[in-house]
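All remarks here apply to the structure that follows.
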Amino acid sequence: MVRNRPIISVLIAAALALPLVMFAQTAPRPKKTRAAAKPDFSGVWFIEEYHRTILPKEDPPFQPWAEVLFKERQAAGENRTPDSGPDPTERCIPPGIPREMLQPFPWEIVQARDRVIMIFEYQSLIRQIFTDGRKHPDDLEPTYMGNAIGKFEGDTLVIDTVGFNDKTWLDPMGLPHSDALHVIERIRRTDHNTLVDEYTIDDPKAYTKPWKTQRIFKLKPEWRIQEYVCTENNNVK
């Protein structure tokens, strides 16, 4: 019997281990959670209906100086001063945001891993919206198009843009803004061919409170973005 003890020990160990092996084979495996898919806005888009103003039904809550300047720009016509006109885009100055998106020209959305890229036909401008979690830089240099970061909330892309200069108009009617302009956009696809962008204009130097407007864009699957050279297309002598 002494000689057989190693064999017995092995058999006992195997018997004890068997339930563990069977449990490992039959125990349910934890399900892998799949990250929610990001909405796809890729494609060429064109504004559904072009307007010379982005104003909602009522005038926005102007600060006094902004209201005076807005009325001067509307009334100036051919007698514009250097401050009231001409329209900056007539001098090939980039329209800025949101106006660049509202021009009667197509623009395309291309989605990458860490950003959403907008390619505009008008003035051949590019807008990059970083979606990798970064914040706005602390040392922003004011630009025409601003600095844009974004995040996805369900089926909506939320875009936060700051860092503008004050050289553009919000629309062709001459709505002013300052270098404190902060634009929040909420972009969503209401159906395959329709994109809605809701804009919140927050500029405490020019307006007493934030105000909202929205525009609708239609998918143009057969269109391609073409080259646009502003100096060859403007009509300002």
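The values are calculated or read from the model by the stated rules, or taken from the named source; none is laboratory data. Please read these numbers as outputs of a predicted model, since none were measured by experiment. Neighbour counts run over all protein chains shown; Cβ positions are idealised from the backbone, glycine included.
At a glance:
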quantity	calculated
Out of Pro204, Pro176, sole residue that is outside any helix (DSSP H, G or I) and surrounded by fewer than 18 Cβ atoms within 10 Å (Cβ to Cβ)	Pro204
Close pairs from the range 37-63: first assigned to a loop (DSSP other than H, G, I, E, B) and modelled with pLDDT of 95 or more, partner of a type in the set (Lys, Arg) and surrounded by 12 or more Cβ atoms within 10 Å (Cβ to Cβ), Cβ under 6 Å, at least 6 apart	Glu48/Lys218
Selection status of Asp160, without any contact (Cβ under 8 Å) to a residue 60 or more places away in the chain and over 30 Å from Phe62 (Cβ atoms)	no
Residues of the range 112-126 classified as closer than 20 Å to Ile93 by Cβ and surrounded by 13 or more Cβ atoms within 10 Å (Cβ to Cβ), total	8
Hits in the range 127-173 - residues which are touching a strand residue (DSSP E or B) at 6+ places or on another chain (Cβ under 6 Å), surrounded by 18 or more Cβ atoms within 10 Å (Cβ to Cβ) and of a type in the set (Ser, Thr, Tyr)	Thr131, Thr161
From Thr168, Thr161, residue being assigned to a loop (DSSP other than H, G, I, E, B), among the β-branched types (Val, Ile, Thr) and within 24 Å of Thr89 (Cβ to Cβ)	Thr168
Residue in the range 85-99 that is under 25 Å from Glu222 (Cβ atoms), polar (S, T, N, Q) and either touching a residue at least 60 places away in the same chain (Cβ under 8 Å) or surrounded by 19 or more Cβ atoms within 10 Å (Cβ to Cβ) (or both) present	no
Where Lys209 falls short, out of the listed (1) surrounded by 13 or more Cβ atoms within 10 Å (Cβ to Cβ); (2) in contact (Cβ under 8 Å) with a residue 60 or more places away in the chain; (3) in contact with a Pro (Cβ under 6 Å, 6 or more places away or on another chain); (4) not in a strand (DSSP E or B)	(1)
